[in-house]
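The values are calculated or read from the model by the stated rules, or taken from the named source; none is laboratory data. Only a predicted model underlies this, so the values are computations on that prediction, with no experimental measurement involved. Counting neighbours? That spans all protein chains shown, and the Cβs are built from the backbone with ideal geometry, glycine included.
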Amino acid sequence: MPIIEIIQSHFASYFASKSGKPPFGSYKKIQGWLTPVEALGLRYVASQLTENARVLEIGSWKGKSTFCIAHGLSNGTIECIDPFNADGESQSKSVYDNEKGEEDLLMQFKNNLTIVNDKIQIIPHKGYSNEFVGKIPAVDFLFIDGDHSIEGCTFDFDNFENIVKQGGYLAFHDYHPKRKEVGPTHVIEQIVSKNRNYTWKYRFDSLVVFKKVNS
Ligand SMILES: C[S@@+](CC[C@H](N)C(=O)[O-])C[C@H]1O[C@@H](n2cnc3c(N)ncnc32)[C@H](O)[C@@H]1O
């Protein structure tokens, strides 16, 4: 893990607001579940992408991870699929209900991202991932953090991995090796790790990043 580069980029962005970017530390004001290492990891992966990168995020909630990805990009587009209604698989429903707050979630998402540099286009798609299969163009980075059930996470991998470009990145949040019942753990260990098109690249706490390679 290139920890030195990550730390350097973190401090650089904290103290020098380059290219009109807000301080990276602003991500902490957005409610969500990323640890600081995961937040930096997402930013780092995005910073490895080329100009005019395209990103798809499945599961955006209030935009914390979206902000981190946007901060790493120099320019490009992030498409974000989420029902923005605090819905999710049964294990997460009560957590989402407790954390959603009074204001409409899509409005909170948009408000949290107003500070993002205008070179980054953020396109929210209100709905479930199954409504967008075949509708999203090829991406340089696919981040899966939506339905955390085994069925839901498998569905997202099976139906969206084909849009990841060769050399692009695929990441999952919530990898817990001791919890085999968690969707991302299952998909990472039983499906992606056995797929020769993907090579394990980084782990940042529970964020696991693969790179798509020629098999
Ligand atoms: C853990 S939260 C995402 C957190 C966000 N990535 C962050 O780090 O700030 C999971 C989100 O996925 C959404 N979700 C659940 N099932 C989904 C599905 N089938 N398609 C898209 N989003 C889904 C939930 O509504 C919730 O907003």
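For region 97-114, how many residues are surrounded by 12 or more Cβ atoms within 10 Å (Cβ to Cβ) and either touching a Phe, Trp or Tyr at 6+ places or on another chain (Cβ under 8 Å) or more than 25 Å from residue 46 (Cβ to Cβ) (or both)?
Of region 97-114, the ones surrounded by 12 or more Cβ atoms within 10 Å (Cβ to Cβ) are 99-100, 104-106, 108-113.
In the following step, the residues that additionally are either touching a Phe, Trp or Tyr at 6+ places or on another chain (Cβ under 8 Å) or more than 25 Å from residue 46 (Cβ to Cβ) (or both) were identified as 100, 104-106, 109, 112-113.
Qualifying residue count, region 97-114: 7.
Would you pick out the residues in region 37-59 that are touching a His at 6+ places or on another chain (Cβ under 9 Å) and not in a helix (DSSP H, G or I)?
59, the sole residue that qualifies.
Would you check which residues across region 63-89 are under 17 Å from residue 127 (Cα atoms) and either at pLDDT below 95 or surrounded by fewer than 24 Cβ atoms within 10 Å (Cβ to Cβ) (or both) and list them? Before you say what the answer is, go through the steps one by one.
Filtering region 63-89 for residues under 17 Å from residue 127 (Cα atoms) gives 63, 66, 78-89.
Hits for region 63-89 are 79, 83, 84, 85, 86, 87, 88, 89.
Output the strands (runs of 3 or more DSSP E) that fall wholly within region 116-172 and possess 3 or more residues being closer than 14 Å to residue 83 by Cα, or say none.
On the way: elements: 120-126, 139-144, 164-172.
Correct list: 120-126.
Need the failing condition index for residue 135 against (1) basic (Lys, Arg); (2) farther than 30 Å from residue 158 by Cβ; (3) loosely packed, with under 14 Cβ neighbours inside 10 Å, just the number.
Against the list (1) basic (Lys, Arg); (2) farther than 30 Å from residue 158 by Cβ; (3) loosely packed, with under 14 Cβ neighbours inside 10 Å, residue 135 comes up short only on (2).
I'd like the residue in region 1-49 that is surrounded by fewer than 16 Cβ atoms within 10 Å (Cβ to Cβ), in contact with a Ser or Thr (Cβ under 9 Å, 6 or more places away or on another chain) and of a type in the set (S, T, N, Q) and, out of all such residues, is modelled with the lowest pLDDT.
Filtering region 1-49 for residues that are surrounded by fewer than 16 Cβ atoms within 10 Å (Cβ to Cβ), in contact with a Ser or Thr (Cβ under 9 Å, 6 or more places away or on another chain) and of a type in the set (S, T, N, Q), the one modelled with the lowest pLDDT comes out as 19.
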